[in-house]
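Here's the structure, in structure tokens; my notes come after.
The values are calculated or read from the model by the stated rules, or taken from the named source; none is laboratory data. Just so it is clear, the model here is predicted, and its values are computed rather than measured. Keep in mind that these areas ignore ligands, DNA and RNA; they rest on the heavy atoms of the full protein, side chains included. Shrake-Rupley method; radii C 1.70, N 1.55, O 1.52, S 1.80 Å.
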Amino acid sequence: MIDIAFGRMELPKSGALALLLGEDEALTGLAATLDTALDGGLTRALAAAAFKGKRGESAVLLAPGAGFDRVVAIGIGKSDELTPHHAEAAGAKAVAALMKDVTATIAGDGLPATTLAHAALGARLRTYRFDKYRTTLKDEQKPKLTGLTILSDDAAAARTSFAPLAALAAGVELTRDLVSEPANILNPEEMADRAKALKSLGVKVEIFDQRDLEKLGFGALLGVAMGSACEPRMVVMQWLGASEPEVAGKAGKKSKVTPKDPVVFVGKGVTFDTGGISIKPAAGMEDMKWDMAGAGTVIGLMAALAGRKARVDVVGLVGLVENMPSGTAQRPGDIVTSASGQTIEVLNTDAEGRLVLADLLWYAQDRFEPRFMVNLATLTGAIIVALGHENAGLFANNDELADRLIEAGKTTGEGLWRMPLGEAYDKQIDCDIADMKNISGSRAGGSIVAAQFLQRFVNKTPWAHLDIAGMAWATKEGTIAPKGATGYGVRLLDRLVADHYEQ
Ligand code: BES
Ligand code: MN
Ligand code: ZN
């Protein structure tokens, strides 16, 4: 993680500097001072590069003089169209161009403190790395950048508005760390332990082991876990920032309060998905280490909300299992009884995420009577066929919740696209010898059928399901993420909570 500091608008003496410049605007303030110091060199270089300041544009000046190693101009477009996410993208772009320098400065003349705080967030998220297993990295392979200073007309205000964003960044980083870990390290027990660490932020954490889950009648989840040498876990995390802010903020204090009208997030945490007895092909199976991304997102989100002391009661639940084939594994055709009492014929052991979520969603609505519940899951390959890697699939039984999620997606740049639900799809999982089967008889509309299955466990609660199979991992670098685990969903749901559910 790079160190981020905020400072006064003052031309640094040397080093690397990124300037955030608006579209078709004359150089003012710091940029004008620099231009003078360079004898008009900045103006000439920008003209030579045909730099107009459009969003996404950039120009690099190497050793331009006046002691600078590198000056980078980053276009931010028209200032009245600048969203927080655009600012993050600009900060990320700046820092990507400055990675070869040890310390760097980003300046944006006349930009509001909040814009610069979001630029700082983008910069921090863009420099994320998962290097813990690279023991032979040479110095020249490592990024040099360790410190970043953001210059603002009001450094104090920028610093203040960055504080909650730093907590948000820590949440995204936690999610990325969890998703990046291989499955031999991050099994259900280890993942539960990592969630337990949120206690230090004042989150109440309960861990349910195999016996606890048996007592709760979680037959659907337990069926998935049967083939693995690792025991399953469920983790329930509570942040009582509305009903008990004094206690919630303190590590180790016992809370006796139950959350009031909490918002609830539920995550699929299959730490590895081989498919079970309905085994997957070998090619690409390694990707299934990130089949716990839904759970990883919920844990990172709880860290973000607690870290910034959000004024809301929120509960996060994650179902952690490993889906393995073995002599003790569940067989195709097995019938299990879910916590809701409904029975399920498991026709395909690879449609396991919905089985895990069935018990968690039922338990969540039954115990917490949520204002709404949103679940996240890498649920179907079919959602990647439908939406690619640009949008998560959104399914909801409630238009208000769906609209709010879509709006939050626009502000954070984390896209989602609403997909349909309906009786005709639901019928496809009716079953002759149990209450339902876990797959339909065809591949058609696979993501929708999966969502219908989940809906049978949510009762009347306003609910949304995000199928993030195409979003959790990227094979190429994104705007504010290097390639690998993206942390998709943490910023989206933090925004949803901040915009509509905090006191
Ligand atoms: N974890 C997978 C879905 C998945 C596939 C996520 C590819 C990311 C990339 C899920 O458990 C699964 O195997 N789904 C099956 C469902 C099918 C058996 C109805 C699928 O999508 O093939
Ligand atoms: Mn599967
Ligand atoms: Zn899966």
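Over the Cα atoms of the stretch 459-502, each weighted equally, I'd like the Debye log10 I(q)/I(0) at q = 0.15, 0.20 Å⁻¹, rounded to two decimals.
With one equal scatterer per Cα and no solvent, log10 I(q)/I(0) is -0.52, -0.76.
Calculate the tail of P(r) for the chain: the fraction of all Cα-Cα distances greater than 34 Å, expressed in %.
Cα-Cα pairs of the chain separated by over 34 Å account for 39 percent.
Give me the percent of Cα-Cα pairs in the stretch 270-392 that sit more than 17 Å apart, rounded to a whole number.
The share of Cα pairs beyond 17 Å in the stretch 270-392 comes to 64 percent.
May I have the convex hull volume per residue, in Å³, for the Cα set of the stretch 86-232?
154 Å³
From the P(r) of the stretch 13-90, can you give the percent of Cα pairs sitting at distances over 14 Å?
58 percent
Please report, in whole Å, how far the alpha carbons of the stretch 320-378 spread along each principal axis, starting with the longest.
For the stretch 320-378, the Cα extents along the three principal axes come out at 41, 24, 16 Å.
Dimensions of the stretch 3-156 along principal axes (Cα, Å, largest first)?
Its Cα atoms span 48, 33, 29 Å along the three principal axes.
Okay, helix-only estimate at 222 nm for the chain: each DSSP H run of n ≥ 4 adds -39500 (n - 2.57), divide by all residues, round to 500 deg cm²/dmol; what do you get? If you can, show how the numbers build up before the last one.
Working: 16 runs with 173 residues, N = 503.
About -10500 deg cm²/dmol.
Rounded to whole Å and ordered largest first, report the semi-axes of the equivalent ellipsoid of the stretch 380-477 derived from its Cα gyration tensor (root of 5λ). All intermediate terms of the calculation are to be shown ahead of the outcome.
Values: eigenvalues 128, 60, 17 Å².
In descending order, the three semi-axes are 25, 17, 9 Å.
Please state the relative contact order of the stretch 336-396 as a whole percent: Cα pairs under 8 Å, 6+ residues apart? Walk me through the numbers on the way to the answer.
Values: 25 pairs, mean separation 15.3, N = 61.
Reported as a whole number, the value is 25 percent.
With the full set of protein chains in place, find how many percent of the accessible area of the stretch 166-500 is carbon and sulfur; take the probe as 1.4 Å.
On the way: 6300 of 12480 Å².
That share works out to 50 percent.
Taking only the alpha carbons of the stretch 257-328, what extent do you get along each of the three principal axes, in Å, biggest first?
Principal extents (largest minus smallest coordinate, Cα): 46, 23, 13 Å.
Starting from the exponent 0.38 and prefactor 2.2 Å, build the expected Rg for the stretch 182-276 from its residue count and divide its actual Cα Rg by it.
1.22
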